[in-house]
Amino acid sequence: MECFAKRVCDEKIYRKVLQNWDAIAKPLDGMGRFETITAQIGAVMGSDEIDISKKAVIIMCADNGIVEEGISQSGQEVTAAVAEQMGKGLSSVGRMAASIGADTIPIDIGINHEEPISGVFDRKIRCGTRNFSKEPAMTEEEAVRAIKAGIEVVSDCKTKGYRLLATGEMGIGNTTTSSAVAAALLQCSVDDVTGRGAGLSDEKLIHKRKIIAEAIEKYDLAGAEPLRVLRTVGGLDIAGLAGVCIGGAVHHIPIVLDGVISMTAALLADRIAPGTVKCLIASHKGKEPAVSRLMRELGIEPVIDGQMALGEGTGAVMMMSLLDMALCIYHERTLFSDIRVEQYERY
């Protein structure tokens, strides 16, 4: 996998997009970071004619065995219930995506539910991970299969003509798995990266942090090889999303990240396939404390700071809508020459 993402961006295209922005009748850098983000998108796609008209959010759904330890308000049955709504397009992300003309692609990569769910694509590796406080969450073979599943989903999207993809997830307990993976990869305090998830009490938060810290010590994961961290304390949704990130680099499709689970997957992806981060776009700064540290490590910065914690890919879909608005200026640009005004120069 390490060879997959060596040539992700075309620097000449990046500069050309920025030159196109400078020619538009507006102050230099008037669209701020949207100018560099769209330049990044063009560089990944390999063209300054940026087309993101066909876009989708890929939602990896999976259950986590660590829920047995009481680290969440909800039980695993909620994952299947929400996935069912996703299959009907009735969840939060489904309604938001429909409002901007984006598709939703919910994937069952590890829901603890035997029956197929209508409208949800079956890529199930197993019915949820194991309880990592007792044993590793996955085998190495299962983790690799989940990563490959994510890459294959992006490949399929490429074949179908999608130009921009976003990451989403659904899985009770996945702020615990993402916090565990983040703490191990970043070699930082568990307390610094572990938040309340869907709304834990102070007592439950202390318990959640204790469970994670004990697992990192038990398996000696601080600074461990990323695949070992993933298979030991991670989730199938995180593994699948890591594959989506790598798939974006392989197939030259920009990937818009959502919140903490997506960010954790992104760091894993870039550690497994260095250079993957060049195709990744941060959307929003969520409420979970790990987000800031993950973004610093990846060298990316979000546009939206709305204290969101909904998940599902909702923040990433919001970012897609902002990109549409920015690109309407880029595509239908009024040039300085059109209004007979001398173009601003950079000094």
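Brief remarks on what is shown
- Of the residues making up the stretch 84-113, those that are under 18 Å from Ala149 (Cα atoms) and aliphatic (A, V, I, L, M) are Ile105, Ile107, Ile109, Ile111.
- Considering the conditions (1) under 20 Å from Thr176 (Cα atoms); (2) charged (D, E, K, R); (3) touching a His at 6+ places or on another chain (Cβ under 8 Å), Asp305 is excluded by exactly one of them, (1).
- The number of residues in the stretch 300-343 that are farther than 21 Å from Leu280 by Cα and part of a loop (DSSP other than H, G, I, E, B) comes to 7.
Yes/no matrix, rows are residues, columns are (1) assigned to a helix (DSSP H, G or I); (2) out of contact with any Leu (no Cβ under 8 Å at 6 or more places or on another chain); (3) not charged (D, E, K, R):
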position: Glu203; (1), (2), (3): yes, yes, no
position: Ala213; (1), (2), (3): yes, yes, yes
position: Gly248; (1), (2), (3): yes, no, yes
position: Thr264; (1), (2), (3): yes, no, yes
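- The residues of the stretch 1-14 that are aliphatic (A, V, I, L, M), in a loop (DSSP other than H, G, I, E, B) and either at pLDDT 95 or above or under 22 Å from Asp258 (Cβ atoms) (or both), listed by number, are Ala5, Val8.
- Counting only residues that are of a type in the set (A, V, I, L, M) and either buried (at least 23 other Cβ atoms within 10 Å of the Cβ) or free of Cβ contacts under 8 Å to residues at least 40 places away in the same chain (or both), the stretch 301-311 holds 1 of them.
- Checking the stretch 198-206 against the condition returns no match, with no residue being in contact with a Phe, Trp or Tyr (Cβ under 6 Å, 6 or more places away or on another chain), surrounded by fewer than 24 Cβ atoms within 10 Å (Cβ to Cβ) and either farther than 15 Å from Gly110 by Cα or free of Cβ contacts under 8 Å to residues at least 12 places away in the same chain (or both).
- Positions within the stretch 26-67 being over 22 Å from Gln343 (Cβ atoms) and either among the small types (Gly, Ala, Ser) or free of Cβ contacts under 8 Å to residues at least 60 places away in the same chain (or both), in sequence order: Ala43, Gly46, Ser47, Ser53, Ala56, Ala62, Gly65
- Scanning the stretch 188-197 for residues that are hydrophobic (A, V, I, L, M, F, W, C) and surrounded by 20 or more Cβ atoms within 10 Å (Cβ to Cβ) turns up Val190, Val193.
- Taking the stretch 119-134 as the range and being surrounded by 15 or more Cβ atoms within 10 Å (Cβ to Cβ) and outside any loop (DSSP other than H, G, I, E, B) as the test, only Phe121 passes.
- Taking the stretch 149-159 as the range and being touching a residue at least 24 places away in the same chain (Cβ under 8 Å) and surrounded by fewer than 19 Cβ atoms within 10 Å (Cβ to Cβ) as the test, the residues that pass are Glu152, Ser155, Lys158.
- Considered as a group, the residues in the stretch 233-292 that are under 16 Å from Gly168 (Cβ atoms), of a type in the set (Gly, Ala, Ser) and modelled with pLDDT under 95 include one that is surrounded by the fewest Cβ atoms within 10 Å (Cβ to Cβ), and that residue is Gly286.
- Filtered residues of the stretch 217-230 (kept if in a helix (DSSP H, G or I) and surrounded by fewer than 23 Cβ atoms within 10 Å (Cβ to Cβ)): Glu217, Lys218, Pro226, Leu227, Arg228
- Residue in the stretch 83-95 that is surrounded by 20 or more Cβ atoms within 10 Å (Cβ to Cβ), under 23 Å from Ala137 (Cα atoms) and at pLDDT 95 or above present: yes
- Any hit, the stretch 106-118, residues being closer than 24 Å to Cys279 by Cα, more than 18 Å from the chain's Cα centre (by Cα), part of a loop (DSSP other than H, G, I, E, B) and in contact (Cβ under 8 Å) with a residue 12 or more places away in the chain: no
- Restricting the stretch 15-51 to residues that are acidic (Asp, Glu) and outside any helix (DSSP H, G or I), the residue that is nearest to the chain's Cα centre (by Cα): Asp51
- The lone criterion from (1) on the phi < 0 side of the Ramachandran plot; (2) without any contact (Cβ under 8 Å) to a residue 60 or more places away in the chain left unmet by Gly101 is number (1).
The values are calculated or read from the model by the stated rules, or taken from the named source; none is laboratory data. Quantities reported herein were computed from a predicted structural model and do not represent experimental measurements. Virtual Cβ from ideal backbone geometry, glycine too; neighbours counted across all protein chains shown.
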